[in-house]
Structure formats: C-alpha cells, structure tokens
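The values are calculated or read from the model by the stated rules, or taken from the named source; none is laboratory data. Note that the structure is a prediction, hence the values are computed from the model and not measured. Please note: Cβ atoms are built from the backbone with ideal geometry, for glycine as well, and neighbour counts cover all protein chains shown. Keep in mind that these areas ignore ligands, DNA and RNA; they rest on the heavy atoms of the full protein, side chains included. Shrake-Rupley method; radii C 1.70, N 1.55, O 1.52, S 1.80 Å.
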Amino acid sequence: MFDVHVHAAPDVLARIGHDDQIAAGYAAAGYSGFVLKAHHESTVGRASALARSTGLDVVGGITLNRAVGGINPAAVLSALSTGGRVVWFPTADAHTQESAGLPRLGDLDERLGRTALAVPPVLADGHPAARDAALVLDLIAEHDAVLCTGHVSGPECRWLLDRAEARGIGRFLLTHPSYTVPGMEPPEIAELAARGAYVEITAYQLFHQPGMTPARLAEVARAAGPRLVLASDAGQPDSPEPAAALEQLIAALAGEGLDAGWLRDAASEVPRKLVLR
C-alpha cells in the first residue's frame with residue numbers, strides 16, 4: 001500500500017503524530033511508502049530524512065500557499081531540485097477555501113489579511129500570477145513531477161489540465177475533486193479522467209465532509225474508473241491512524257459493491273506509479 005496524501009506534526013494545525021510516528025505506523029501496517037503533505041511549508045527535507053531512516057519510499061513536495069510565496073516558481077524549483085516529487089496548487093489559501101469558510105493560516109493572526117490565491121480563468125491570462133503558474137507548469141514538466149490541483153475551483157482544474165496536456169505532463173492528480181472544495185460532480189470528474197487526470201478520493205471525506213456518504217464516494221470512484229487514487233488525507237487528531245483510515249475507506253467503498261481488488265490497486269500500485277520514477 002502507498003498513501004499519496006497524509007499530514008503529520010509539526011504543523012500549524014494539530015496532528016495525530018509526528019513524522020517518525022506516522023512513518024512507524026505505515027511500516028507496521030506493511031506499507032511501501034507515502035507522500036507527506038503540509039499546507040504551509042515544503043516537506044522535501046522531512047520526507048528525505050524519513051526515507052533514509054525507515055527504508056520506506058517517503059516522498060515530499062510543496063504546496064503553493066502564501067507561506068511559500070504563493071504560486072512561486074522559485075519555491076517550486078528549489079523543492080523539485082532537492083528531490084521533491086509533488087506540487088500542489090493553492091489549498092488553504094485558495095479563493096475557494098476563503099469562500100467556503102474553511103481554515104486558513106490567516107485565522108491565526110488577523111494582521112496577515114485575507115488575501116487569497118487563484119489561477120485562470122478566475123484570473124486573467126495576463127495576470128502576473130497566471131504567468132507564474134505557467135512557469136510552475138514548465139518546471140513540473142521538466143522534472144517529471146506530479147501536479148496536484150489543490151483546492152482551486154473546477155474551472156481552474158480544467159485550465160491546469162489544458163496547460164498540463166500542452167506540456168506533456170502525465171502525472172496529473174485532481175485533489176479530492178468531490179470534496180467541498182472544489183466540489184466537482186461525477187460527470188465532470190469522469191470527463192477529466194477520460195482525458196488522463198487521476199482522481200483522488202480520501203478517507204477524510206468519509207469521516208469529515210458534511211453530507212458525504214459511501215454511496216456518493218462510490219459514484220465518484222466509478223466516474224474515475226482506472227484513474228482512481230485512494231488516499232487517507234489523515235493526520236487529524238479526530239481521524240483514525242492514517243493506515244487504518246485508508247483501510248476503512250476501502251471497506252466502505254467495497255460495501256457499495258465496488259471490486260475490492262480494484263480498490264486496493266487504487267491505494268497501492270496506481271499511486272506508486274503516479275508518484276515514483
């Protein structure tokens with residue numbers, strides 16, 4: 001098994017365990033590795049240290065929120081040049097996050113203001129952030145890295161996929177597209193999956209997303225088809241341990257009549273091939 005989305009301490013938000021504790025849990029559960037994500041800093045160094053100390057395939061990356069300069073090509077180049085494999089477009093500082101009233105770094109100190117981030121078509125193509133996004137995409141292509149859409153809107157996900165296709169980026173993951181942000185519906189998810197986008201469903205959705213049910217997640221899984229990726233997105237104190245969370249997601253989807261072998265592949269070989277070279 002290989003979890004493509006997990007959080008650990010130290011972090012701005014409370015987490016269920018520190019890096020070494022999360023890694024030990026995966027090792028005990030027989031996982032081959034995982035992707036360590038943080039909303040407000042690069043995890044490349046932390047992941048490298050864990051890989052060396054545990055022997056697991058631990059992968060880091062960078063999320064393009066305000067703490068790293070937003071959609072910042074310099075931060076992306078640094079992360080990818082030091083072994084990072086994943087670039088998430090804005091999450092906690094995306095304009096969708098602000099509109100939905102979901103947690104942001106600015107919640108900790110009002111002096112930071114409420115500036116939010118976006119890409120076209122929310123922004124004009126000539127906007128400086130759009131030009132920076134284009135360079136970020138170039139860097140992802142040149143490093144054969146994984147582009148994750150983060151919490152940007154459905155139209156922005158489509159814009160990113162259009163530009164990714166033009167650059168030959170094959171490692172493209174829609175970050176939990178059926179979550180509150182971006183809130184995409186199965187027909188649109190199926191369309192983007194047919195164009196080559198991988199589609200993430202997370203255990204976090206099962207445990208914490210208002211109104212989400214196993215039946216609805218199963219509908220998303222069917223829309224994703226062979227591009228399905230299952231992940232925990234765990235690490236919260238009120239979620240199960242990450243490995244257990246992912247097992248519960250698989251069980252819930254299997255309970256909706258989906259093939260258990262396919263689901264396990266979506267939590268193991270599919271994400272490994274997506275992330276690792």
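Tabulated data
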{"item": "Rg to Rh quotient for region 1-68, alpha carbon positions, Kirkwood Rh", "result": "0.95"}
{"item": "Global form of region 20-148, assessed from the alpha-carbon gyration tensor, a/c cut-off 1.5", "result": "oblate"}
{"item": "Highest to lowest packing among 55-62, 227-234, scored as the average C-beta count within 10 Å", "result": "227-234, 55-62"}
{"item": "Exposure ranking of 22, 16 by accessible area [1.4 Å probe, largest first]", "result": "16, 22"}
{"item": "Percent RCO, i.e. relative contact order, over the chain, from Cα pairs under 8 Å lying at least 6 residues apart", "result": "18"}
{"item": "Highest-first arrangement of 94-107, 140-153, 235-248, where packing means the average Cβ count within 10 Å", "result": "140-153, 235-248, 94-107"}
{"item": "Mean residue ellipticity (222 nm) of the chain, computed from DSSP H runs ≥ 4 via -39,500 (n - 2.57), nearest 500", "result": "-12500 deg cm²/dmol"}
{"item": "Rg/Rg_globular for the chain, with Rg_globular taken as 2.2 N^0.38 Å and Rg from C-alpha atoms", "result": "0.92"}
